[in-house]
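The values are calculated or read from the model by the stated rules, or taken from the named source; none is laboratory data. Small disclaimer: the values here were computed from a predicted structure and weren't measured. Don't worry about glycine lacking a Cβ; one is built from the backbone with ideal geometry, like all the others, and counts go over all protein chains shown. Note: areas computed on protein heavy atoms with side chains; ligands, DNA, RNA excluded. Shrake-Rupley method; radii C 1.70, N 1.55, O 1.52, S 1.80 Å.
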Amino acid sequence: MSPNTEFIPFARPVLGAEEEQAVLRVMRSGWLTTGREAQLFEQEFAEYCGVPHAIAVSSATAGLHLALEALGIQPSDQVAVSPYTFAASAEVIRYLGADPVFVDIEPQSFNIDHDALRRVAARQPIQAVMPVHVAGYPCRNAEIRDIAAQHGAVVVEDAAHSFPARDDGAIIGSQSDAGVFSFYATKTITTGEGGMLVCTDAEVSERARVMRLHGIDRPVWNRYRAPTANHDYEVIAPGYKYNLPDLLAALGRVQLRRAEEFHKRRLHIAEHYLAALADCEELQLPPHDRPQSWHLFILRLRLEKLAIDRDTFIALLGDAGIGSSVHYRPLHLMPYYRQRYALSPGDFPISLDTYRRSVSLPIYPALRDSEVERICIAVRAICRQHRVR
Ligand SMILES: Cc1ncc(COP(=O)(O)O)c(C=O)c1O
């Protein structure tokens, strides 16, 4: 990389004057933790998704944990999930003493293969399914819900990547027993750290709400503002500390209003990549036949056409001043899951093959057209220089 070349980071948030004002407003209000802003964020988010209940949480990890707990997942229950995901999706299953049952992904996307899920569910009981909409491309929800219903399993969507894309008119992640969104720093809207759990059932919502804050049966917000004694509450279960503070909720409310604008920009960048890289035979482009959020743009290298491996490809991008990433190193390769469940790399061949070939390119609203063009030129040059002759 020449000293004059500006480095293009893999991700960068878009935060402007409105976000600054929102945070200042909360700082000056005298109420920093969960209160009125979080309540409004929940209402606005629920309305946006067209769901009756939205519960603001400190992370999507917390939301997934709460969702499974509220839906009754118990120790030794089995939860089907693909290994092609982030650690959070499976660790929350273990938090409850339940076990992940890994199901491979389909070859065309990065999402759970519903035919493989059908076979697994026929072979062993499952109490829940957690489809992960990797990169924001929607899972085959209708088929997955159908399989879950046949086996009496609940569905918790890991929608950490998919906001605010719609599938068949509905926000992806909003159509199952529960869905959980992430507002982590690199996500499609951000509060730095944060998440939202959505669901339709009032009892599930109530349980998640109570467990979000120590298992206390009424919001602390109301307790401190009440003119009467604020020690008047009951602890009905050993809950967690998973609330989203107002400082972050205020950021979230502004970002939510900008979600469509951000999504349009991601779509524009994805279209640019798809057009500019279409004739590179060394690349398999991500699926683009359905609406999606484009949280990630994951290329799969056709290694048989290249004289270099994926890690060298990434190093060469780095030499050109371009940050990139890998989504994901599958969980069945991680020591904890490999050892606990006696798994081998070849047990999930599509996940393994996809991992070896995947490179995620930068995609975010703050990425300039000139930077997208520079990335395309660099990717094309690497392919050209290292193709097998
Ligand atoms: C697929 C997936 N699920 C869950 C999470 C957890 O999100 P959070 O960082 O908000 O806990 C992530 C985070 O990157 C993710 O990528």
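Summary of computed values
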read-out	value
Part-to-part distance (alpha-carbon centres) for segment 1-74 and segment 140-210, which is given in Å	15
Gained length - Lys241 relative to Ser370, 0.36 nm times residue gap less alpha-carbon distance	42.1 nm
Label point 7 Å beyond Cα of Ser2 along Cβ direction - residues of segment 317-347 with amide nitrogen under 19 Å	317-323
Charge context of Tyr341, other residues only, Cβ under 10 angstrom, K/R +1, D/E -1	0
Helix 202-212 vs. the chain, principal-axis angle (Cα, 0 to 90°, nearest 10)	90
Sequence-distant lysines (8 or more away, or on other chains) whose Cα lies within less than 17 Å of Lys187	Lys264
Gaussian network model of the chain, Cα within-10 Å springs - most flexible of His288, His327, His161	His288
Folded to 0 to 90 degrees: helix 36-49 orientation relative to the chain principal axis, Cα	60
Protein accessible area in the chain, 1.4 Å probe - carbon and sulfur %	52
For segment 17-258, with +1 on Lys and Arg beta carbons and -1 on Asp and Glu, the positive-most of Ile55, Asn111, Ala70 along the dipole	Ile55
Of the trypsin sites (Lys or Arg not before Pro) in segment 326-374, those whose Cβ has at most 11 other Cβ within 10 Å and which sit in DSSP loop	Arg368
Cβ-derived FRET efficiency at R0 35 Å, Lys264 paired with Arg384, nearest 0.05	0.65
Charge dipole (segment 2-140, unit charges on Cβ, about Cα centre) - positive-most of Thr34, Pro83, Phe45	Pro83
Alpha-carbon centroids, segment 239-304 and segment 320-389: separation in whole Å	15
Per residue, in Å², the accessible surface of segment 260-386 once ligands and nucleic acids are set aside, probe 1.4 Å	43
Net +/- balance of residues flanking Thr85 in space, Cβ distance below 15 Å, scoring K and R +1, D and E -1	-3
Most to least accessible of Arg28, Arg140 (protein chains only, probe 1.4 Å)	Arg28, Arg140
Relative packing of 48-55, 276-283, which averages over residues the other C-beta atoms within 10 Å, highest first	48-55, 276-283
Paramagnetic reach from Asp99 in segment 328-348 [backbone N under 20 Å; point 7 Å along Cα→Cβ]	331-348
Helical contribution to [θ] at 222 nm, DSSP H n ≥ 4, -39,500 (n - 2.57), averaged over the chain, rounded to 500	-12500 deg cm²/dmol
Only Lys, Arg (+1) and Asp, Glu (-1) charged, at Cβ; the chain dipole about Cα centre in debye	680
The chain: proportion of alpha-carbon pairs further apart than 27 angstrom, %	51
Cα-based helix-to-principal-axis angle, 60-70 vs the chain, degrees rounded to 10	50
